[in-house]
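The values are calculated or read from the model by the stated rules, or taken from the named source; none is laboratory data. Remember, it's a predicted structure, so these values are computed and weren't measured experimentally. Please note: Cβ atoms are built from the backbone with ideal geometry, for glycine as well, and neighbour counts cover all protein chains shown. Heavy atoms of the whole protein, side chains included, go into the accessibility calculation; ligands, DNA and RNA do not. Shrake-Rupley method; radii C 1.70, N 1.55, O 1.52, S 1.80 Å.
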Protein chains: 2
Amino acid sequence: MATTTVNYPEEFKGFAISDPSEWSNPKLTSYQPKNFGPRDVDIEIECCGVCASELFTLKNEWSHGELACLSSTYGPKTQCVGHEVVGKVVKLGSEVESGLKLGQRVGLGAQASSCADCSRCKSGNEQYCPKIVTTYASRYEDGYISQGGYASHVRAHENLVFPIPDGIESHLVAPLQCGGLTVYSPIKRGIEDVLAKGEKPTVGVIGIGGLGHMAIMIAKALGAKVVAFSRSNAKKEDAIKMGADEFVATGSDEGWEKKLFDQFDLMLNCASSTTSLPLDGLLSTLKVNRQFVSVGLPHIDEKFDVNPFTFFSNGSTIGSSCLGSKQEAIELFDLAVKHNFSPWVETIKVGEEGVSEALTRLDKGDVRYRFTLVGFNEFFGTGKQ
Amino acid sequence: MATTTVNYPEEFKGFAISDPSEWSNPKLTSYQPKNFGPRDVDIEIECCGVCASELFTLKNEWSHGELACLSSTYGPKTQCVGHEVVGKVVKLGSEVESGLKLGQRVGLGAQASSCADCSRCKSGNEQYCPKIVTTYASRYEDGYISQGGYASHVRAHENLVFPIPDGIESHLVAPLQCGGLTVYSPIKRGIEDVLAKGEKPTVGVIGIGGLGHMAIMIAKALGAKVVAFSRSNAKKEDAIKMGADEFVATGSDEGWEKKLFDQFDLMLNCASSTTSLPLDGLLSTLKVNRQFVSVGLPHIDEKFDVNPFTFFSNGSTIGSSCLGSKQEAIELFDLAVKHNFSPWVETIKVGEEGVSEALTRLDKGDVRYRFTLVGFNEFFGTGKQ
């Protein structure tokens, strides 16, 4: 076990690459953590979800430059990803004020730090802080490039560390922290005005994959009628099991646009591209002045391929939503416990082989509907405190 | 006067073209009106505003086909435009129920009919009725192609005929009915949540032309702080006179995006294109989850040239808004009377020469900021009842 055990706190170990060509084969790597700040928290990792955005970062498809880690001022020149972390608190900065305790089960999503001081941080919108540091491949002010959760430990600002309630298993709560939160925030914000009027909103979920399958459950739990949209009928049975009230196969159902005209309070696009969608038809099913929100993450050069005239028929708008706030994460966990739903997760044992399997299968779309890497304590010789 | 006087009600007369090449020289034409329906109203026209959308229709730039009038089932094969009509009621259908009176001063905007029966018509959103008939170049169910207000008379459904209050002159209220209403509706809808919280919203108005100059006055009257955006400083003095609190010349002011970061509750694009705008910078000035609404009308093939990632920084959305409702028109007229604002209007005497001058100068941008064609009663020998 000499090669896998970790000399914490001087060292973290994780699965990392140094070149995008290695995206499917991260190697076990030792690295220096970021300098520990007074409001930082160290999490000893128990398990970590696998998110499609990892593929974009590892393949470097969200950048026109080189891997961010190569420009770090200190710390590793390799990149470890992973941002659906569950573990326990093993170290607290001297100025931590949010009540986190050593040994507490906590989570970390896609964001590791924000300024904690701007109007956005102070209004429950820290995911839109202009000084956001994402959990991996993102630059801290001191020049360290953040390292993710396919690792023994992760370090983050307390304001982004989520307390996890009892009543939901770690490998199931993991995917809620990025994928789940990313759909929870726009669904909640997109229908709360309808719920406030005592009406039942109707939500369309487009793309039944990692994000979409959680969106169905979440919209349902929030009280919406849910219509799932997919290209074919292949996922129809699954979508109904997840809680969808109706299912539309846009590639084969005739006349769905007309049948669903003026039905939706919110359309949530969970597919990773908008250019392959029947956007005009989807937008036409919105009620007046409602939103089409895209959370599926496209290639960096993709554009919204839509004509301004399309929106004249109902005064709708199109845009994107980024992650969610810590407060929303806490709400989401409570919602999952209360409504007894959880993502459909296949667990894979962590290790070079397991990480490679997860990334390779995710890249092929061979996942129904989410992977969580597990067994971190056994692998890294942690979990003994 | 034999050629200009009108044999109403069998005949309307107006300035019309039969080919897009004639766009700047509509000729005085006699035509059959649409068959009179039980809820129709005839307006004897006193004056009519000139709107940039007229150019798109006359040049046929919103269509990939031929002029709509060429496919009419009955009525003229020529097209008369104009949809900022002020006049008086001279005929009421037998089932008119909205309290309009013969001789009453009324107006008509860009919409002449809706089904009056769908959920949108019944919820103050008749401008989004799927059976909308616009005031010109639009097909009625009976096959007539609608004819506009550069004419002696116009016929429309009572639900789209606006009563006009005292306290504002006809040539000044005319442009409020299309241009004014088109900006009033998205401004009101886009900031009413902020106003409801007792806060002062900040509205950006992009493009200080026919639409933008009214948007400044309207946003100001509704209680917003208004920032006007233009390419150069050429219209700065005017914008401040209209009521803008600040002015930004995007082409020459350095660093405006950073200075205005996180300032806007609403961005209203009144320019006729989005492709020539610094869209990324403009979107970055929105607060979290706010809207960029485009009301300037582009060429039919133009797209929103914007990357989904642009929206991740603040969860904003982009879209368009179409006209406004009759209720909103009534609110707008009252607002204008109460706050004593009106569009900046240059009047031009109606006639072939005047119509040609208005269209030609509008096409060149030689207008500060709106034309109203006047003198209809004298020209057509009407106004004698």
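The figures follow:
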| read-out | value |
| --- | --- |
| Output for region A:140-155, where each listed residue is in contact (Cβ under 8 Å) with a residue 24 or more places away in the chain and open to solvent by 20 Å² or more (accessible area, probe 1.4 Å) | A:140, A:142, A:155 |
| Which numbered condition residue A:198 misses (of (1) small (Gly, Ala, Ser); (2) under 24 Å from the mean Cα position of the chain (by Cα); (3) surrounded by fewer than 19 Cβ atoms within 10 Å (Cβ to Cβ)) | (2) |
| Test: residue in region B:243-262 that is touching a residue at least 24 places away in the same chain (Cβ under 8 Å), open to solvent by less than 50 Å² (accessible area, probe 1.4 Å) and more than 26 Å from residue B:308 (Cβ to Cβ) | yes |
| Test: residue in region B:164-179 that is in a strand (DSSP E or B), at pLDDT 95 or above and more than 21 Å from residue B:378 (Cβ to Cβ) | no |
| Which listed residue, of A:233, A:289, is open to solvent by 10 Å² or more (accessible area, probe 1.4 Å), under 23 Å from residue B:311 (Cα atoms) and modelled with pLDDT of 95 or more | A:289 |
| Residue list for region B:8-65, restricted to those being assigned to a loop (DSSP other than H, G, I, E, B), closer than 26 Å to residue B:102 by Cα and among the aromatic types (Phe, Trp, Tyr) | B:8, B:36 |
| Unique match (being open to solvent by 20 Å² or more (accessible area, probe 1.4 Å), among the acidic types (Asp, Glu) and more than 23 Å from residue B:345 (Cβ to Cβ)) among B:192, B:158, B:169 | B:192 |
| Residue in region B:353-364 that is more than 15 Å from residue B:86 (Cβ to Cβ) and assigned to a loop (DSSP other than H, G, I, E, B) present | no |
| In region B:105-160, the residues that are of a type in the set (A, V, I, L, M) and closer than 22 Å to residue A:288 by Cα | B:110, B:112, B:116, B:132, B:133, B:160 |
| Filter pass, residue B:191 being touching a residue at least 12 places away in the same chain (Cβ under 8 Å) and either within 14 Å of chain A (Cβ to nearest Cβ) or assigned to a strand (DSSP E or B) (or both) | yes |
| Residue B:71, sole failed condition from (1) touching a residue at least 24 places away in the same chain (Cβ under 8 Å); (2) surrounded by 17 or more Cβ atoms within 10 Å (Cβ to Cβ) | (2) |
| Within region A:202-294, strands (runs of 3 or more DSSP E) holding 2 or more residues that are away from every other protein chain (no Cβ under 14 Å), under 19 Å from the mean Cα position of the chain (by Cα) and within 30 Å of residue B:324 (Cα to Cα) | none |
| Residues (away from chain B (no Cβ under 14 Å) and open to solvent by less than 20 Å² (accessible area, probe 1.4 Å)) located in region A:322-355 | A:329, A:332, A:333, A:336, A:343, A:348, A:350, A:351, A:354, A:355 |
| Test result for residue A:319, facing chain B (nearest Cβ under 7 Å), crowded, with 22+ Cβ neighbours inside 10 Å, over 19 Å from residue A:166 (Cβ atoms) and touching a Cys at 6+ places or on another chain (Cβ under 7 Å) | no |
| Test: residue B:384 is open to solvent by 60 Å² or more (accessible area, probe 1.4 Å), within 14 Å of chain A (Cβ to nearest Cβ) and farther than 19 Å from residue B:212 by Cβ | no |
| Residue B:273 among the small types (Gly, Ala, Ser) and in contact with an Asp or Glu (Cβ under 7 Å, 6 or more places away or on another chain) | yes |
| Residues of region A:295-313 classified as outside any helix (DSSP H, G or I) and within 9 Å of chain B (Cβ to nearest Cβ), total | 11 |
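One line per residue, one yes/no per condition, for (1) buried (at least 18 other Cβ atoms within 10 Å of the Cβ); (2) in contact with a Lys or Arg (Cβ under 6 Å, 6 or more places away or on another chain); (3) aliphatic (A, V, I, L, M); (4) closer than 16 Å to residue A:351 by Cβ:
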residue: A:3; (1), (2), (3), (4): no, no, no, yes
residue: A:7; (1), (2), (3), (4): no, no, no, no
residue: A:29; (1), (2), (3), (4): yes, no, no, yes
residue: A:48; (1), (2), (3), (4): yes, no, no, yes
residue: A:63; (1), (2), (3), (4): no, no, no, no
